[in-house]
Each structure stands twice: as structure tokens, then as C-alpha cells.
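Q: What follows is a single structure, and I will ask about it in a moment.
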Amino acid sequence: MALETLLQDPNFTLVSGPSDCSLSRVFCCDLLSVAMSRAPEGGIWITVMNNLNTLAVASLCEVHAVVLAENVIPQEDVIQRAKLEGISLISTPLPIFEAALAAQNCLD
Amino acid sequence: MSDMAFCYIVPGDDFTRAGEASADVKSRLKMLGLPTDVIRRVSIAMYEGEINMVIHAGGGEAEVRLDNGAIYMELRDRGPGIQDLSLAMKEGYSTAPENIRSLGFGAGMGLPNMKKYTDRMEIESAPGEGTTVKMWVNCPGI
Ligand SMILES: Nc1ncnc2c1ncn2[C@@H]1O[C@H](COP(=O)(O)OP(=O)(O)O)[C@@H](O)[C@H]1O
Ligand SMILES: [Mg+2]
């Protein structure tokens, strides 16, 4: 799936980064150790953790997109880091599970 | 490649920079064209070791060498040391305070993951003196 499909859903807003990147798999987690060992390369990672460490792990794992769920508004330093890393940053009011479901439906 | 070495100072007071050494190691190994699985395992182990120095030891030094068929990582700090090593190795055991946990750290999976994703790990630690973690990821041909 390309991220564009998900962004057609009004619940998802692109904060920064490319709107047309490809996505391999959907991944959900708020613990950085788990994400570090499990986040899929090229995937879309849904979390509520709004800090630079999320971006550091996203970059190391080479995920293409990070979604901040539950209306978490990304901090300015997070937005800047996402831009620098070329990672698409998205925000949504949906809870993590529903956001993941929407993303998975786009993947299928 | 056998005598290549990369060295890093890992600052202890700056969470926003945690992971920089790991990211640099990863990009260097990629440039050398090493297998993706080897790079992934080195990245996981190195990141966890780096984070531990930042959150538990006030920072430290990291050294990575391509050495006789393995990627060798050594992380040295002068922090408080690990009181009970077998307890620290248990999945879920963590002494990380609440403010660190709220950042997503402190799952107590760092040391177990370092062991799981490397081929060999040795820890030397003395209370009050610091900790040295040595890890090897095999990579035939380097
Ligand atoms: N470099 C270190 N210096 C001092 N203590 C450490 C160090 N690394 C790990 N520890 C101790 O071992 C525990 C377990 O480490 P780890 O498995 O990485 O979990 P976490 O970092 O999530 O607490 C830590 O909570 C800490 O008490
Ligand atoms: Mg740890």
C-alpha cells in the first residue's frame, strides 16, 4: 500500500514528510525495546509516544511512517527530526487499535 | 576490513541524542555492504547498550571493531555498576525510574535482547566502578 490510500481517510493527517511512500506492514507498540527488535522495515508504526526517541528507533528500523494516535500532537523537535530522517509523520484522533485497523484495511 | 574500528563518546545527560552512535554504526556497516540480518542484530544490541549507558550510567564510551569474522562491540561506563547480574538479565527487570519509563524506556528487555541478538555477550561490572559490556555478532568473511 502507499500511504496516500490511508491519507484519503479524514481521520489521518499528514504532519510532515512524503505522502506517497510505500508501506510494508502495520506495527503497534509504545515500548522502545520491543519496537527496536520488531518494527518492520518499510512499515507504518502506530504509537502514542511523542518524543525524539521514537524517531531515533523509527530511523534505526527504517520504518517509512509513524502515526501518533489518540490526538497526540507531535512536538516541534519530533517534526523536525522526522523531516530530517525522511519519515512521514501522521496524526490521528483514533485510538491505536482503530488506527491500526484502518491502516491494515488499506494494506489488504 | 579486519582492522576497522569506530569509537564514540555517549553523552549521559542528553536523551535527545541517545541512539546516535548506533545510527552511525548502522550506516557504516551498510556502506560496507554487510548482510542485512547482521546489521539488524548489531543495531538492536548496540542501541540497547547505548541506551543503558545513557539511562543507567551517566554515559560512557563505545567501540566497534570488525574483527576476525565478527562485529565486536564494547560499551564501557563508569556508572554505578550492576548489583545483581542474573537479576538484571531477567526479562522485565528494570530499575528505571518513572520519568524514564514515560519516555518508552525501562521495559527491562535491553540486556535480554542484547543476549538474544548477539552470538556472544560478556559483562564485567563492579558496584561503584562501572560496567563493560562486550558483544560479538558473527559475520564470516570480515
Ligand atoms: N550500564 C549499566 N550500568 C548500570 N546498571 C545497568 C546498566 N545496564 C543495565 N543496568 C541494570 O540492569 C537493569 C536491566 O537492564 P535492561 O534489561 O536493559 O532493562 P532497562 O534498561 O529497561 O531497565 C537496568 O534496569 C539496570 O538496573
Ligand atoms: Mg535497557
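The values are calculated or read from the model by the stated rules, or taken from the named source; none is laboratory data. The shown structure was predicted, so the numbers you read here are calculated from the model rather than taken from an experiment. Cβ placement follows ideal geometry from the backbone for every residue including glycine, while neighbour counts extend to all protein chains displayed.
Q: Can you report the number of residues in segment B:30-58 which are more than 12 Å from every other protein chain (Cβ to nearest Cβ) and either surrounded by fewer than 17 Cβ atoms within 10 Å (Cβ to Cβ) or more than 11 Å from the chain's Cα centre (by Cα) (or both)?
A: Residues flagged as more than 12 Å from every other protein chain (Cβ to nearest Cβ) and either surrounded by fewer than 17 Cβ atoms within 10 Å (Cβ to Cβ) or more than 11 Å from the chain's Cα centre (by Cα) (or both) within segment B:30-58 amount to 9.
Q: Here's another thing I want to ask about it. Could you go through segment B:79-90 and let me know if any residue there is in contact (Cβ under 8 Å) with a residue 12 or more places away in the chain, assigned to a strand (DSSP E or B) and more than 7 Å from ligand 1 (Cβ to nearest atom).
A: No, every residue in segment B:79-90 fails to be in contact (Cβ under 8 Å) with a residue 12 or more places away in the chain, assigned to a strand (DSSP E or B) and more than 7 Å from ligand 1 (Cβ to nearest atom).
Q: OK, next. Filter the strands (runs of 3 or more DSSP E) completely within segment A:32-108 down to those with at least 1 residues that are in contact with an Asp or Glu (Cβ under 7 Å, 6 or more places away or on another chain).
A: In segment A:32-108, the matching strands (runs of 3 or more DSSP E) lie at A:44-47.
Q: Looking at B:Ala62, is it under 22 Å from B:Asp13 (Cα atoms) and either away from ligand 1 (no atom under 11 Å from the Cβ) or part of a strand (DSSP E or B) (or both)?
A: yes
Q: Could you count how many residues in segment A:1-16 are out of contact with any Phe, Trp or Tyr (no Cβ under 8 Å at 6 or more places or on another chain) and part of a helix (DSSP H, G or I)?
A: 4
Q: State yes or no: is B:Asn52 within 9 Å of ligand 1 (Cβ to nearest atom) and polar (S, T, N, Q)?
A: So B:Asn52 fits the description; yes.
Q: Let me ask something else about it. A:Ser88 is checked against (1) within 16 Å of ligand 2 (Cβ to nearest atom); (2) more than 14 Å from every other protein chain (Cβ to nearest Cβ) and fails just one. What number does that condition carry?
A: (1)
Q: Using the structure shown, decide if B:Glu61 is surrounded by fewer than 19 Cβ atoms within 10 Å (Cβ to Cβ) and modelled with pLDDT of 95 or more.
A: When the stated conditions are applied, B:Glu61 passes them.
Q: Oh, and also: When the residues of segment A:34-48 are filtered to those that are within 9 Å of another protein chain (Cβ to nearest Cβ) and surrounded by fewer than 24 Cβ atoms within 10 Å (Cβ to Cβ), which remaining residue is nearest to A:Ala103 (Cα to Cα)?
A: Checked segment A:34-48; the qualifying residue nearest to A:Ala103 (Cα to Cα) is A:Glu41.
Q: Another question about this same structure. Tell me yes or no: at least one residue of segment A:22-31 is touching a Cys at 6+ places or on another chain (Cβ under 9 Å), part of a loop (DSSP other than H, G, I, E, B), away from chain B (no Cβ under 11 Å) and farther than 26 Å from B:Ala18 by Cα.
A: yes
Q: Take the residues of segment B:98-115 that are in a loop (DSSP other than H, G, I, E, B) and within 7 Å of ligand 1 (Cβ to nearest atom): which is surrounded by the most Cβ atoms within 10 Å (Cβ to Cβ)?
A: Looking at residues that are in a loop (DSSP other than H, G, I, E, B) and within 7 Å of ligand 1 (Cβ to nearest atom), I get B:Phe105.
Each row is one residue, and each column tells you yes or no for (1) among the aliphatic types (A, V, I, L, M); (2) under 17 Å from the mean Cα position of the chain (by Cα); (3) at pLDDT below 95.
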| site | (1), (2), (3) |
| --- | --- |
| B:Thr95 | no, no, no |
| B:Gly108 | no, yes, no |
| B:Glu122 | no, yes, no |
| B:Gly130 | no, yes, no |
| B:Val133 | yes, yes, no |
| B:Trp136 | no, yes, no |
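Q: Identify, from the list B:Thr95, B:Thr131, B:Thr118, the residue that is surrounded by fewer than 21 Cβ atoms within 10 Å (Cβ to Cβ) and either within 11 Å of ligand 1 (Cβ to nearest atom) or within 14 Å of another protein chain (Cβ to nearest Cβ) (or both).
A: None of the other options fit; the residue is B:Thr95.
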